[in-house]
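Below is one structure, written out as structure tokens; the observations come after it.
Please treat every number below as a calculation from the coordinates, not as lab data. None of the values given here were measured: they were computed from a predicted structure. For neighbour counting, all protein chains shown are included, and Cβ atoms are generated from backbone atoms with ideal geometry for every residue, glycine included.
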Amino acid sequence: MKKLALTGSSLLFILFLAACGNSDNTAETPQEAFENNCAMCHGQDLSGGNGGPPLDNLGSKYTKEELVDIMENGKGGMPAGQAEGEEAEKIAEWLQEQQ
Ligand code: HEC
């Protein structure tokens, strides 16, 4: 009986560890977020490519707020909803550092 109870609690402990490990995977770097959401149109190295213009020469063209707005609401041929909220802000800050 005692042995059984021990096995049960170690199993719970392992499940607990596994659940914590999973939540870590959602912490994307801005670069990863860009690669997942934007690179297919703007290129891995921001040089443009499949239909999107290059993003490595924006200079002071856009503020962070304007970049977030473009990601959330689209612009011209760029569809809306490419990134939203905190993720969009993270990408906008990162993009501005790439100039
Ligand atoms: C489906 C393809 C596609 C995806 C995905 C995409 N874009 Fe775009 N993006 C475009 C196109 C096309 C334009 C040109 C829009 C226009 O001016 O007509 C554009 C324009 C832009 C511009 C303005 C560039 C300028 O010089 O005015 C920015 C900034 C931008 N995209 C950022 C992003 C970011 C950041 C992401 C990811 C969160 C992203 N885009 C995802 C296609 C895409």
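With the dipole of region 28-97 worked out from charges on the C-beta (+1 for Lys and Arg, -1 for Asp and Glu) around the Cα centre, which of 80, 62, 51 lies farthest toward the positive end? Projecting each Cα onto the dipole axis, the largest value belongs to 51. Percent of Cα pairs in region 28-97 per distance bin of 10 Å, from zero to the largest separation: 23, 63, 14.
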